[in-house]
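S.K.: Below: one structure in structure tokens.
The values are calculated or read from the model by the stated rules, or taken from the named source; none is laboratory data. What you see is a predicted model, and the numbers here were worked out from it, not measured in a lab. Here the Cβ is made from the backbone with ideal geometry for all residues, glycine too, and neighbour counts use every protein chain on show.
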Amino acid sequence: MKKTEPSQTAEKVALTRAIETLLPKNRRICSDPYAKYFLEGRMKRIYNAWLLRKIFCARTEIGFPGVMGSVLARTRFIDDYLREQVASGIKQIVILGAGYDTRALRLETVNKTVKIFEVDHPATQKRKISLIKQRLGSPSSNIIFVPVRFNSQNLGERLFAGGYRKDNKTLFIWEGVTYYLSDAAVDDTLRFVAENSSAGSLIVFDYFPPSVANGTSKLKEAIAMRAFFAQLGEELTFGIAPDEMKTFLSARGFGRISNVSREQLKKKYFKGETRKRQISPIFCIVHAMVLPDNQQQFRKGNGNERF
């Protein structure tokens, strides 16, 4: 993404969710009736025309096999995880790299008693706010927009200025972001979450294995995605092996760490009318809990145990 332009990737992901929502309920992986409001130009033309939608989906599946299924399953899993955590008492949600995330608009469990901080690049966020006002009216008062450049600005300063409270039990959602960040930016974000949220707070995010980020993966979708993102100026930079994730997060103050495999997602969401749809193995999801201070053996370290 160019420094002054909204993310093209975020709009394509919104298009994917919007197209999925047009399917009959028994054929959908997830549903997002608000995604269509963030489409303009070519993306909007694709959405509005049956033939263009069909061509878009077919070409995407051929060029990037399993990626659409993975993106949709990722959204559905995080939706379900959010609902569970709000039901268990979460009162504050931070969406890191929110893009055109619509959970604050569409999930019935996220009511006005839950504060939602949407953190994103200023250019993408500016466009999002403008489109919400044009097409949906003024955003709800429980949504706080926090503009920040992850690779160059301090997340904590921006969040606290927006009213974030570290004593509230919080859920951090980090969807479709880590791959574009430097190792240091990933580490700084995780350090902030562990050190600036109450014990029992949670984080859920997705990531790629190192072979996808460094270009050594032989999978067709990995090669195609790396080239595609580079063309957009959104190069893939961060990756970590799933079998390293528990050690990685433990060293940064987290416990109850659980990786979610492709097989688990397939079993949970790809059944009945959706059972034949593909899902790529390159998308990995993990969720974890912030431990109490007395259990965080590595928090006082330098934070570079892996790097």
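S.K.: Closer than 20 Å to Ala35 by Cα, out of contact with any Leu (no Cβ under 8 Å at 6 or more places or on another chain), free of Cβ contacts under 8 Å to residues at least 40 places away in the same chain and part of a loop (DSSP other than H, G, I, E, B): does that describe Ser138?
M.R.: yes
S.K.: Given the criterion surrounded by 13 or more Cβ atoms within 10 Å (Cβ to Cβ), among the small types (Gly, Ala, Ser) and outside any helix (DSSP H, G or I), identify the matching residue among Ser70, Ser31.
M.R.: Ser31
S.K.: For the range 231-250, name all the residues that are assigned to a loop (DSSP other than H, G, I, E, B), modelled with pLDDT of 95 or more and either closer than 24 Å to Ser198 by Cα or small (Gly, Ala, Ser) (or both).
M.R.: Those that are assigned to a loop (DSSP other than H, G, I, E, B), modelled with pLDDT of 95 or more and either closer than 24 Å to Ser198 by Cα or small (Gly, Ala, Ser) (or both): Gly239, Ala241.
S.K.: List every residue pair whose Cβ atoms lie under 8 Å apart, where the two residues are 6 or more positions apart in sequence or sit on different chains, the first residue falls within the range 36-63 and is hydroxyl-bearing (Ser, Thr, Tyr), and the second residue, located anywhere, is not in a helix (DSSP H, G or I).
M.R.: Tyr37/Leu136; Tyr47/Leu39
S.K.: If you go through the range 118-135, how many residues are in a helix (DSSP H, G or I), in contact (Cβ under 8 Å) with a residue 12 or more places away in the chain and of a type outside the set (D, E, K, R)?
M.R.: 7
S.K.: Got a number for residues in the range 73-117 being of a type outside the set (A, V, I, L, M, F, W, C) and part of a helix (DSSP H, G or I)?
M.R.: Summing the residues that are of a type outside the set (A, V, I, L, M, F, W, C) and part of a helix (DSSP H, G or I) in the range 73-117 gives 11.
S.K.: To continue, here is another question. Residues in the range 100-118: is at least one at pLDDT below 90 and on the phi > 0 side of the Ramachandran plot?
M.R.: No - not one qualifying residue is present in the range 100-118.
S.K.: Name the single residue, out of those in the range 144-181 being aliphatic (A, V, I, L, M) and under 17 Å from the mean Cα position of the chain (by Cα), that is surrounded by the fewest Cβ atoms within 10 Å (Cβ to Cβ).
M.R.: Among those that are aliphatic (A, V, I, L, M) and under 17 Å from the mean Cα position of the chain (by Cα), it is Leu181.
S.K.: Hey, among Ser258, Ser217, which residue is in a loop (DSSP other than H, G, I, E, B) and at pLDDT 95 or above?
M.R.: Testing whether each residue is in a loop (DSSP other than H, G, I, E, B) and at pLDDT 95 or above leaves just Ser217.
S.K.: Search the range 167-195 for residues that are in contact (Cβ under 8 Å) with a residue 24 or more places away in the chain and pair each with any residue that is surrounded by fewer than 21 Cβ atoms within 10 Å (Cβ to Cβ) and among the basic types (Lys, Arg) when their beta-carbon atoms are under 6 Å apart and the residues are at least 6 apart or on different chains.
M.R.: Every condition considered, the pairs that remain are Asn168/Lys91.
S.K.: Here's a check for you: in the range 270-307, which residue that is of a type in the set (Gly, Ala, Ser) and either modelled with pLDDT under 95 or on the phi > 0 side of the Ramachandran plot (or both) is surrounded by the fewest Cβ atoms within 10 Å (Cβ to Cβ)? Write out each step before concluding.
M.R.: Kept after step one, since they are of a type in the set (Gly, Ala, Ser), are these residues of the range 270-307: 272, 280, 288, 301, 303.
Narrowing further to those that are either modelled with pLDDT under 95 or on the phi > 0 side of the Ramachandran plot (or both): 272, 301, 303.
Values: Gly272: 7, Gly301: 12, Gly303: 18.
Out of the qualifying residues, it is Gly272.
S.K.: Another question about this same structure. Tell me whether the range 41-64 contains one or more residues that are touching a Leu at 6+ places or on another chain (Cβ under 9 Å) and either at pLDDT below 95 or assigned to a loop (DSSP other than H, G, I, E, B) (or both).
M.R.: Within the range 41-64, not a single residue is touching a Leu at 6+ places or on another chain (Cβ under 9 Å) and either at pLDDT below 95 or assigned to a loop (DSSP other than H, G, I, E, B) (or both).
S.K.: Also: Since Met1 meets every condition but one in (1) of a type in the set (A, V, I, L, M, F, W, C); (2) at pLDDT below 95; (3) part of a helix (DSSP H, G or I), which condition does it not meet?
M.R.: (3)
S.K.: Quick check on the range 73-111: of everything there that is polar (S, T, N, Q) and surrounded by fewer than 17 Cβ atoms within 10 Å (Cβ to Cβ), which residue is nearest to Pro147 (Cα to Cα)?
M.R.: Ranking the candidates gives Asn111 first.
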